[in-house]
1. Scan (1) crowded, with 18+ Cβ neighbours inside 10 Å; (2) within 25 Å of B:Gly49 (Cα to Cα); (3) away from every other protein chain (no Cβ under 14 Å) for the single condition B:His188 breaks and write down its number.
2. Tell me, please, whether a residue that is more than 21 Å from B:His41 (Cα to Cα) and either out of contact with any helix residue (DSSP H, G or I) (no Cβ under 6 Å at 6 or more places or on another chain) or touching a residue at least 60 places away in the same chain (Cβ under 8 Å) (or both) can be found in region B:300-321.
3. Select from region A:254-273 the residues that are in contact with a strand residue (DSSP E or B) (Cβ under 8 Å, 6 or more places away or on another chain) and either of a type in the set (Val, Ile, Thr) or modelled with pLDDT of 95 or more (or both) and list them in ascending order.
4. Of all residues in region D:237-281, how many are touching a residue at least 60 places away in the same chain (Cβ under 8 Å) and more than 8 Å from chain C (Cβ to nearest Cβ)?
5. Look at A:Phe196 and say whether it is within 25 Å of D:Phe196 (Cα to Cα), in contact (Cβ under 8 Å) with a residue 24 or more places away in the chain and in contact with a Ser or Thr (Cβ under 8 Å, 6 or more places away or on another chain).
6. With a cut-off of at least 3 residues that are more than 14 Å from chain D (Cβ to nearest Cβ) and modelled with pLDDT under 90, name the helices (runs of 4 or more DSSP H) lying wholly within region C:34-135.
7. Within region D:308-330, how many residues turn out to be within 14 Å of another protein chain (Cβ to nearest Cβ), crowded, with 24+ Cβ neighbours inside 10 Å and more than 19 Å from D:Val91 (Cβ to Cβ)?
8. With the condition kept exactly as written, say whether any residue in region D:149-165 is closer than 22 Å to D:Val300 by Cβ and either at pLDDT 95 or above or in contact with a helix residue (DSSP H, G or I) (Cβ under 8 Å, 6 or more places away or on another chain) (or both).
There are 4 protein chains.
Amino acid sequence: MLALVAEDRGAGAGGRVLTAAAPDGDLTAILERVAATVRPHLGEGRVAGYIPALARVDPSRFGIAVVTVDGRVATAGDARVAFSIQSISKVFTLTLALAKVGNDLWKRIGREPSGSPFNSIVQLERERGIPRNPFINAGAIVVTDVLLEGRSPGAVIDEVLEFVRYLADDPAVAIDEEVARSEAETGHRNYSLAHFLAGFGQLKNPVESALSVYFHQCALSMTCVQLARAGLFLASAGRDPLRDRKVVRPERARRINALMLTCGHYDASGDVAFRIGLPGKSGVGGGILAVVPRQGAIAVWSPGLNANGNSHAGTIALERLAAEMGWSVF
Amino acid sequence: MLALVAEDRGAGAGGRVLTAAAPDGDLTAILERVAATVRPHLGEGRVAGYIPALARVDPSRFGIAVVTVDGRVATAGDARVAFSIQSISKVFTLTLALAKVGNDLWKRIGREPSGSPFNSIVQLERERGIPRNPFINAGAIVVTDVLLEGRSPGAVIDEVLEFVRYLADDPAVAIDEEVARSEAETGHRNYSLAHFLAGFGQLKNPVESALSVYFHQCALSMTCVQLARAGLFLASAGRDPLRDRKVVRPERARRINALMLTCGHYDASGDVAFRIGLPGKSGVGGGILAVVPRQGAIAVWSPGLNANGNSHAGTIALERLAAEMGWSVF
Amino acid sequence: MLALVAEDRGAGAGGRVLTAAAPDGDLTAILERVAATVRPHLGEGRVAGYIPALARVDPSRFGIAVVTVDGRVATAGDARVAFSIQSISKVFTLTLALAKVGNDLWKRIGREPSGSPFNSIVQLERERGIPRNPFINAGAIVVTDVLLEGRSPGAVIDEVLEFVRYLADDPAVAIDEEVARSEAETGHRNYSLAHFLAGFGQLKNPVESALSVYFHQCALSMTCVQLARAGLFLASAGRDPLRDRKVVRPERARRINALMLTCGHYDASGDVAFRIGLPGKSGVGGGILAVVPRQGAIAVWSPGLNANGNSHAGTIALERLAAEMGWSVF
Amino acid sequence: MLALVAEDRGAGAGGRVLTAAAPDGDLTAILERVAATVRPHLGEGRVAGYIPALARVDPSRFGIAVVTVDGRVATAGDARVAFSIQSISKVFTLTLALAKVGNDLWKRIGREPSGSPFNSIVQLERERGIPRNPFINAGAIVVTDVLLEGRSPGAVIDEVLEFVRYLADDPAVAIDEEVARSEAETGHRNYSLAHFLAGFGQLKNPVESALSVYFHQCALSMTCVQLARAGLFLASAGRDPLRDRKVVRPERARRINALMLTCGHYDASGDVAFRIGLPGKSGVGGGILAVVPRQGAIAVWSPGLNANGNSHAGTIALERLAAEMGWSVF
């Protein structure tokens, strides 16, 4: 049991039967409809090509899963096929880092959207190595540095994996070592960022250690069902509603959601907030995790990416589903 | 009656008595408490000094008002003292422009946060005169250009004033001509932006016309009560709940809220989303309009600004109020 | 007689017969050869299109003139056809401004190359309205502000014109009012820059006055012969060798040459220094003035511009001529 | 014997006695005067602190040497004390790379000044990994990549050392291994740049190999006399005048001089061109190599740096010497 999640137990948990995740027919029908409308768009995006293991993925794949705070599960398509969650992992490492160092984290990372990748480098220079937010690569590398605390990369990778397995309530979540290796081999831009941060004295552990954790977290392989389940605590005031256990304080969960809304989709974060209106985090593997406060979590996956590096069909599916369900924080 | 707001009337409006705005004792007590905790911070910010009429304002002023969707009104402090709403007016001109041209607006303006003022110029150059969003000055100037449609600045200024009076349900809302004149006299940066836009062919009306409208909208003078009332439709799915009349479609209201959340506080938008979690728009006059979907609208005013150009005490007050009421979109 | 140029008279001038400008057959033959090799390139560039009066110029025009410090003149092609010197005028206004305020000028303008136009705006923002050098538009606008000294634009325009006529030793040099008017009508980017400077408090005279001078100086209309003659003092340690009169101190002439070499060709200044190795200043009218220290001045004109905004055929001609004559400062 | 320098021998060399380097009393007296005027400034700059071996150097050191094309040598101060030449080495590796690949080099590196270090990163991003010029770090790293040609770093380091010893006509020139090690240990910014370049596919050899060469070339340890002697070929049309042997073609020497003038002093290159008017290259060790075409080469050293990272006293000394001798290319 992780120290983080063992720290409290809901007062009434002992007394009531927790709802186990169970299928939901109505929601499933809606997801099937969404999947059908998305189908014509499946070939339109471009699969991320910089990592061989990612480039090989079939671009016509599409999966979607919803897990609600009262334990219903609905899926459509390839919702139980594992994919590389890539940057979505930043939500989980941020959560872990906040649990460790609390608001001290914000001395080393900002909370503002960064605009284009171009801007993020310019700003990193102007702001002397303080990344704009924890969801750009530079920020996520600082998060791994926070997690390291002088430990070996392996220990931290194990901790991250154990934490995500706990959140997903599924020990089958794994790290794809081939993907992790590929990330390291082709990760010049991330090496550049990490050394840039180190040049400003913003990394306390060796560049190689921080990047080893980073490349492994990006290589987490999960299904839509696992991912939605893992994000459920964010829809439930920081509490895992199906175990009735606190993961983070309510305020912290709201804040992670705020960061996802303002910074979760690279330079399309504003557009996604505008069109979909839900906190979300995307990854170049084609996955998106979205949070519907007080309702549930959504995970969608389709490998073809739009011009902003977000799942093309996944974004369309989320927009349809949110519209149909009336799910918007606004 | 404005064409915009006359276009529909709620089906059931004829049959029920609409709630008139009425005082709310409990909420007032809470606002008084918030005002008391804010008091020690009233001298800390810096009053915007670039316009004489703004620079003369007493920095110790503080007012707050809440108007709820069911018609309750609560206030504390100088909630009925008029102040210069400045950039908060961008919410109202955006609403008007969307009513006129709909989503065509987004061909000329983006929907992404812009980061620092420095970035906004860099991006305006890189993106060939397409402002990042309608809440940075460049974007708001394009919005005035959309409103002009070849008309005289005076006609558009009248239309904006009439619209804001309608939303505020108060014909006493006025434009402070001295402030408008001061804006024009000291507005080199805005002239520079407008000519920059014109250089990219992004203005269809004369620079002087667009800026005349812009300088006048910034000079709108409103009280917290008027401002909260005027923003109420954004908390109520685009409908003025006290008149039971549509202002904009529900989807559009959600989208304006999304823009306020991601772009409403300059380069502190992410931080405000993180700490407060409500859509809001601030102005250098020290005012902030915030929206609590399905609950109501808040207006707060205190002239001292923090380093990001947002009301120092106003931001603190909003954070306290939101925490106390549990008001957050996340 | 201008005060500037009347200030001294060479000690030995009374005693020797000054060489009047006279034709030089050998040099003419070389220029003819250069013109012949350039001919195939005459259609390749693009004529500046933003001003109607410039856009109408025949792109196949080509002229070149050399005036040597011992008074020889050689020409080929359209060397006696007047063209719009545009930014080349910045050399003359800089010379005038230095004569007026000396090194105090460098408190308001830098002396570094600015890179691309994109960079020049970024840097102007970062450096709070101090233009990088007097040859970018922002710097030249500050130079006009220095020249104004509270006077009317007309008075300064007259002074600039008189000065250039004196340097060219030809009262026929004129300002093309149609071009000046066109510059003003299409000059949004320059209005933007001027207001940007004014926003930083870097203009002491009205924006309209500074720009009026600027647009008129750009509209100076000169022939290659006039232009080479006017630049001769820069090849002769600041002294007009044909009148034996000082224009500027030797050190100052060297420094103007240094600025021309490092900053005279926009973002191709380094490349021109590399390929040609002579101080020079180009204009979008297709003219280039180049200086060969201790030898003479060259003016070349061909309206087609390369990607960097410098005369395409003119640059090739200068490179050939410099190579053939062994003219390089390096 | 290096292949590069063995390729030709002056036709008339057999017939005349080459002047060996010999002391020059008059020039020595001038250098002594320059040294005396510089003395009060010796404590003013800041010694580069990022490498322990450099930080330990006594800031009051000052040396200057001139070697003329006719073989005279003059010195003052610590002209025979070895110091770390750092970025001055970029002149020698550029010369070697041009000898190997000729103008193909310019497909991978530009020839324009880069402005501030901030700009150089921004531009590197905008220009997709093509460094602005060979004298910024990114450009010099690409030069080492060109030199590597698949060889081991050790082989290239040996080649560079042999080449510099040949140019300096002194086998005592050495690489300070402690400095090279320090560069590698503290060189995060250079690792960042190299990975950035590699991310754009601009390095053909491993990042570690290119940086190993780079860190070693920066650690070259030379005296002012050795350095001036090594740069003499640039003052003599690419020919070593004391051995009567070609190093590079005349055109190439002029072009290297042009690059030194426009790009040799970081973001003060324009200012140095303006004040001194000679091609030069500075290093953070406090050394400057300057070239006086047709006259000779100057090396000056004083460890205290000015705000632009150039030797404070060295720059003053160069300015005095150039003024006194009338040495300027303009």
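The values are calculated or read from the model by the stated rules, or taken from the named source; none is laboratory data. Since the structure is predicted, the reported quantities are computational estimates derived from the model, not experimental observations. In this analysis, Cβ positions are derived from the backbone assuming ideal geometry, glycine residues included, and neighbour counts consider all displayed protein chains.
1. With (1) crowded, with 18+ Cβ neighbours inside 10 Å; (2) within 25 Å of B:Gly49 (Cα to Cα); (3) away from every other protein chain (no Cβ under 14 Å) applied to B:His188, the lone miss is (3).
2. Narrowing region B:300-321 to residues more than 21 Å from B:His41 (Cα to Cα): none.
No, because not a single residue in region B:300-321 is more than 21 Å from B:His41 (Cα to Cα) and either out of contact with any helix residue (DSSP H, G or I) (no Cβ under 6 Å at 6 or more places or on another chain) or touching a residue at least 60 places away in the same chain (Cβ under 8 Å) (or both).
3. If the condition is that a residue be in contact with a strand residue (DSSP E or B) (Cβ under 8 Å, 6 or more places away or on another chain) and either of a type in the set (Val, Ile, Thr) or modelled with pLDDT of 95 or more (or both), then A:Asn257, A:Met260, A:Leu261, A:Gly264, A:His265, A:Val272 are the ones that fit.
4. 16
5. Spelling it out, A:Phe196 is indeed within 25 Å of D:Phe196 (Cα to Cα), in contact (Cβ under 8 Å) with a residue 24 or more places away in the chain and in contact with a Ser or Thr (Cβ under 8 Å, 6 or more places away or on another chain).
6. Working: elements: C:52-55, C:89-101, C:117-126.
Output list reads C:52-55.
7. Total meeting the criteria: 1.
8. Within region D:149-165 (the criterion being closer than 22 Å to D:Val300 by Cβ and either at pLDDT 95 or above or in contact with a helix residue (DSSP H, G or I) (Cβ under 8 Å, 6 or more places away or on another chain) (or both)), the answer is yes, since at least one residue qualifies.
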